[in-house]
Amino acid sequence: MKIVDAKVVVTSPGRNFVTLKITTDEGISGLGDATLNGRELSVASYLRDHVAPLLIGIDPHRIEDTWQSLYRGAYWRRGPVTMAAIAAVDVALWDIKAKAAGLPLYQLLGGASRERVGTYGHASGQDIPELFDSIRARLAEGYPSIRIQTGIPGLKAVYGVHTADHAVDGAPIPHQGARPLVEDWDTSAYLRHMPTVFEAVRNEFGPELPLLHDAHHRLTPIQAAQLGKDLEPYRLFWLEDCTPAEDQNALRLVRGHTTTPLAIGEVFNSLYDYQTLVSEKLIDYVRSAVTHFGGVSPLRKLFDFAAQHQIKSGIHGPEDISPVGMAAAVHLDLAIHNFGIQEYSGYTALTEEVFPHAYTFTSGYLHPGEAPGIGVELNEDLAAAHEYKAAYLPVNRLQDGTVHDW
Ligand code: EZ4
Ligand code: CO
């Protein structure tokens with residue numbers, strides 16, 4: 001088998017998605033997700049201008065060799081643009097291999113290790129009553145676990161969350177326009193408020209509901225340690241991205257102070273970003289997505305490394321991972337032993353039409369389905385009818401105007 005075409009499709013059925021479609025001389029084609037929220041066109045160019053020409057004529061079965069040649073052969077390694085591009089190639093090749101074998105991808109990854117894949121959904125509100133309504137809505141949809149984010153008294157933005165007409169399930173929606181919106185932030189107000197939110201939620205919904213929270217890289221190590229300690233009575237499933245992710249040593253300080261479980265890694269793009277975190281058991285969940293980590297091949301290696309240290313998976317899955325990237329994630333989730341949880345915030349109806357898929361979401365649980373490959377199609381006519389629109393995540397500023405992490 002030989003690759004005869006590699007095409008990049010950028011579409012915006014509500015928000016932007018970048019998809020790679022690789023076609024072979026035997027008529028089998030595969031899809032990969034290369035969506036990078038707010039920087040989509042740079043990955044599209046990387047694939048179209050620099051990767052697609054290298055793929056023509058090669059044997060699509062040689063996944064590891066292709067991965068290594070794109071990674072090492074570019075000389076410039078890692079980074080979100082490069083690794084999203086390589087991820088799309090890797091997933092498209094796994095899709096082709098599994099279709100050629102006539103099997104769903106999870107079978108090639110060792111087969112099912114469980115019956116279904118547990119998820120968490122997003123609940124958010126400007127204040128506590130609004131948050132309760134949002135939690136009730138997620139529970140009614142069947143979500144077994146819930147991430148809670150709220151407004152902070154005195155601040156305008158409900159941080160980490162965007163409300164827009166087409167938002168599904170309170171997931172962040174990038175603002176369409178040439179420039180990002182600016183949001184406001186006050187760490188002290190946040191640190192005072194969050195424990196009262198968890199206390200209220202536990203009083204209302206009881207001790208059993210698994211609760212998650214995302215601090216979006218906004219805290220210093222000692223602030224994160226303080227928050228982790230203050231939240232201990234409420235027994236979180238995890239506290240996510242408590243400090244800026246570049247500094248692995250920061251987590252050593254946090255870990256030394258709190259038993260609140262820690263999750264990190266949605267902005268990581270390499271196994272090396274986890275070296276200290278995993279080998280020193282400084283975290284409990286690895287958050288990388290197939291789409292931003294170079295594909296199924298390296299993510300599988302990360303999960304095996306994490307397993308040695310009793311660390312579990314928690315694949316990133318907001319709406320900025322396309323259904324192609326979500327499908328690849330669900331196959332991995334079903335197959336690996338050290339699965340923890342899958343983030344899932346659903347898609348708009350139009351997105352579901354652009355990417356018809358075999359995976360199912362039923363009462364809070366995902367299953368990849370039994371279609372050969374990853375089980376996702378691309379409706380190219382509908383994709384073409386919804387062109388790219390510039391859209392960006394917000395920029396965050398402290399009340400004196402200083403730029404802060406979003
Ligand atoms: O805000 O993916 O855990 N999930 C998250 C996401 C991020 C977006 C940014 O593109 O933090 O919802
Ligand atoms: Co997050």
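General observations
- Entries in Lys281/Lys301; Lys21/Lys312; Lys2/Lys97; Lys156/Lys389; Lys99/Lys312; Lys99/Lys301 that, when Cα-Cα distance is taken, lie over 19 Å: Lys21/Lys312; Lys156/Lys389; Lys99/Lys312; Lys99/Lys301
- Residue exposure sequence - Asp273, Asp186 - by fewest surrounding Cβ within 10 Å: Asp186, Asp273
- Protection proxy ranking of 249-257, 174-182, 72-80, 292-300, by the mean of other Cβ atoms within 10 Å over each peptide's residues and highest first, is 292-300, 249-257, 174-182, 72-80.
- Couplings 3J(HN,Hα) for region 59-76, derived from phi with the Karplus relation 6.51 cos²θ - 1.76 cosθ + 1.60 (θ = phi - 60°), are 7, x, 6, 8, 5, 5, 5, 5, 4, 5, 6, 6, 6, 7, x, 7, 6, 7 Hz, where x marks Gly and Pro.
- Degrees separating the helix 128-141 axis from the principal Cα axis of the chain, which is the longest one: 40
- Compactness of region 276-406 as Cα Rg over 2.2 N^0.38 Å, two decimals: 1.23
- Size of region 3-103 from its Cα atoms: along the principal axes, largest to smallest, the extents are 36, 34, 21 Å.
- Karplus-derived 3J(HN,Hα) values for region 228-240, using 6.51 cos²θ - 1.76 cosθ + 1.60 with θ = phi - 60°, are x, 5, 5, 8, 3, x, 9, 6, 5, 5, 7, 10, 9 Hz; glycine and proline are entered as x.
- Viscosity 0.692 mPa s, 37 °C: Kirkwood-radius Stokes-Einstein D of the chain over Cα pairs, µm²/s: 153
- Across the chain, C-alpha contacts under 8 Å between residues 6 or more apart give a mean separation that, scaled by the residue count, equals a relative contact order of 23 percent.
- Using a Gaussian network model of the chain in which every pair of alpha carbons under 10 angstrom is joined by a spring, one finds that among Leu262, Leu209, Leu227 the greatest mean-square fluctuation is at Leu209.
Bear in mind that the values in this text are calculations on the coordinates, not laboratory data. Just so it is clear, the model here is predicted, and its values are computed rather than measured. Virtual Cβ from ideal backbone geometry, glycine too; neighbours counted across all protein chains shown.
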